[in-house]
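Notes for the one structure printed next.
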Amino acid sequence: MTALAVHPDLATLNAFALGRLPEYRRGDVEAHVANCPECGRALEAANPDSLLDLARRAVMSTPAPAGGETLGPATETPPELLDHPRYKVLGKLGAGGMGVVYKAEHRVMGRLVALKVLSSRTTAKSGAVDRFRREVRIASKLSHPNVVTAHDADEAGGLHFLVMEYVDGVSLDRLLALKGELPVTMVCHFIRQAALGLQHAFEKGMIHRDVKPQNIMVTRKGAVKVLDFGLACVARDGDELTSATAAKVTSPDMVMGTPDFLAPEQAKCSPDVDIRADLYGLGGTLCYLLTGQPPFPGGTAFEKLMAHVGDPPPDISTRRPAIPAALAAVVSKLLAKEPNDRYATPAEVAAALLPFTKATPSVSLVPVLDAEVVPAVVEAPAFEVLDEEPATPKKRKAKRRPVPFYKKYQSKLIAAGVLLALLAVGGVAANRLGGNGDEGSGAKPASGPGTAKNAAVVSPKASPPTVLMVLAPTELYLPDYTPVRSELERSGVRVQTASMSRTPCVPYSGTPGPSVMPDLAIGDVDPTKYDGVIFIGSGVWPYVPGGNGATDVRRIIGSLREQGKIVAAICHGARVLQQHGVLGNWTDKKFEESGVVRKGQIITGGTATDAIPFAKEVASAVKK
Amino acid sequence: MLPTSASLLDRLHGPADPTAWDRLTAVYSPLIRGWLRKQNVRDDDAEDLVQEVLVVVVRRFPDFEHNGRTGAFRAWLRMIAVNVSRDFWKARRLRPAVVGGSDFGAVLDRLADPTDDLSREWDKEHDLFVARRLLEILRPQFEEKTWTAFERFALKGEAAAEVAKDLGITSNAVFIAKSRVLARLREEAAGLLDS
């Protein structure tokens, strides 16, 4: 590091302490104060600062909880989830068979999600966590308007949770409880939508195993969503089996699901459970929503299981006379003991229910849900406007999704991208030609019969020199990167790229083009494999001291310098060298104005206009 | 050209930077959403409104000129939020139920007046929220130790010597950590927050 010989003045120290010093002056001051107790005292006593003060207040104040929500207190949030890097828990939504469900927000994207935290009792079972992850992986492949999307399975401090789509609505059992009775057409519409969701899953090779009113949600706008796909497998001893009798009689590993909606083959612990068990559950749900009672309401859990196996299905038209006989027949067929006597697929059920939904225009669903179910709404002005087409269709179109601003520039972006891609291809082609030329020039051992032994002896020379390009993960400056890389490869130098992680490096906005996928994450770089390293800007923050890639950068630079290899940088990449103390007393102003400079094994390029001469200099240096 | 030191606002002025817009969205949509929730605007309506506000911000941004005064962007954004909300409200696409019996229209009128207490409250919340959000976003760019030193010393006001001892670094390293994070925050927040 270049330590200043004299102490910086007090104004400079104050500006440094508060991060107000221009970047090109920071390196020197930092090098000095790192080991100067006297300056340390000045830094400690730095002046107050409005931004720092704001930051302090910002972290001290927690945002007010969202209004209008009936969330449980956030104090009930499990401590493991309090500081989760991705999700901020907003409150508790409820507790289910497998654990507690929280409403949360994705910290960066702001998207609302529901977190289903598995109870420790569930995860304690051997293999449960693996099964959970596996099921979530399968469930996350489901994508259908009538299925609640599973986003992710995550873990925090040993706590396992499922991240799923947040549904602003209620489950069907709660809806019925709130309304007392639901119109027949509405019920059929709901169950039909649920059947469409099950059909989608069925087509993807999944069965639910626990279809019941509690697992079907309806949103404020009347959309129906089936949730908890695949979870029945994990919650094998689901909390619903609370009866000691049931727990004793049925091995917890064999029976899953609520006894009220359980298919006979599930009750009998048959291994041949297929989609038709879900149809039985759907039939039970339909029965429940139409009549307010499950198919076999009386008795203990054990007696219910026995009834599913042996008792004839109820004739629901006797429970509610307004139910058409044809609809009662649909319920009976769904509740048939023998799977073969039921419908074969959910799609068939959807088709069978269609005639009973006809009388229900979808708008009429909205008032039913909005007016009474949603307690947060104090007044209820004309709901219908919601589903009306607004006067200006153009606006409506814009409303759904923000038009990504770059759409406007898309043609330009594409043009620029194509251009850069062509440049890159041109570079590769030129490289091939150049490479061949080199080989033909006799500079390398002639390849041919009888020279194999010779080639083996000089093998280190035979392989082309390799340069590592360390790329800024964001704001990658393509006018530096593209020509430097092409020129190196044209000169017969092998190039490998590394960045913070193996995710695409995003180009700087001013010079758009395709993102660049690095070959390596910086943590995986073995510096002994390279003849040189080049840093490419612009977004080099992670690489300068204090950044989370700085340790690896220090390791790489240190190793290459120790080996007498080339350390180079162009444009903003030079900041990395400067901040790591490699450039001595150079400021970035100085190297920007100086063009290509070589000092021993260090090479810098000022700006993109130096790219080709810079690359030539590096190529010739690593070849020696 | 010095793209590295460009603030978020500068990057938005660039020709086309999806990352900058993503970041703006990540910072501002929760802010607007939270404010709407506070007005008891329901989640689905709020979502539509947030989207619409962002669409307008994106469309009008090329015309936005920072006049150099603190809070110019904040005020500009507040007016867009007010105007879009008013359009929604007039078109009866919103069903808010404002606590206290006052009317959503009146709330919007007060927010349109920069001297009204409600506007000032909004501005204050804006600053706290954006600062908190930017800190969250910048955090992963720093080494754990650097961040912890900054957080404990600069934000929580713990004694530098104690923080240094816990982290196994010198007190001066703690001051340097504070300098680095603040510099980065200042860079990113330029034009959005008073800095």
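The values are calculated or read from the model by the stated rules, or taken from the named source; none is laboratory data. Computed from a predicted structure; not experimentally measured. Positions of Cβ are backbone-derived with ideal geometry, glycine not excepted, and every protein chain shown enters the neighbour counts.
So for the stretch A:30-41 (the condition being closer than 17 Å to B:Phe153 by Cα and of a type in the set (D, E, K, R)), does at least one residue qualify?
Yes: one or more hits.
Here's a check for you: in the stretch A:90-114, which residue that is at pLDDT below 85 and of a type in the set (Val, Ile, Thr) is nearest to B:Val130 (Cα to Cα)?
A:Val108
Would you list the strands (runs of 3 or more DSSP E) that sit entirely within the stretch A:509-624 and hold 2 or more residues that are touching a residue at least 60 places away in the same chain (Cβ under 8 Å) and either more than 11 Å from chain B (Cβ to nearest Cβ) or farther than 25 Å from A:Gly492 by Cβ (or both)?
A:532-536, A:566-570
With the structure loaded, tell me whether A:Glu30 is more than 7 Å from every other protein chain (Cβ to nearest Cβ), in contact (Cβ under 8 Å) with a residue 12 or more places away in the chain, at negative phi and assigned to a helix (DSSP H, G or I) or whether it fails that test. Before you say what the answer is, go through the steps one by one.
Working: more than 7 Å from every other protein chain (Cβ to nearest Cβ): no; in contact (Cβ under 8 Å) with a residue 12 or more places away in the chain: yes; at negative phi: yes; assigned to a helix (DSSP H, G or I): yes.
When the stated conditions are applied, A:Glu30 does not pass them.
Do you know which of the residues in the stretch A:9-19 that are of a type outside the set (Val, Ile, Thr) and more than 7 Å from chain B (Cβ to nearest Cβ) is surrounded by the most Cβ atoms within 10 Å (Cβ to Cβ)?
A:Leu13
Considering only the stretch B:106-195, give the helices (runs of 4 or more DSSP H) lying wholly within it that have at least 3 residues that are buried (at least 18 other Cβ atoms within 10 Å of the Cβ), within 12 Å of another protein chain (Cβ to nearest Cβ) and among the small types (Gly, Ala, Ser). Give the steps one after another, and end with the answer.
Details: elements: B:117-138, B:144-149, B:160-167, B:171-189.
Filter on the stretch B:106-195 gives B:171-189.
How about the stretch A:34-60: which of its residues are part of a helix (DSSP H, G or I) and more than 7 Å from chain B (Cβ to nearest Cβ)?
Across the stretch A:34-60, the qualifying residues are A:Pro37, A:Glu38, A:Cys39, A:Arg41, A:Ala42, A:Asp53, A:Met60.
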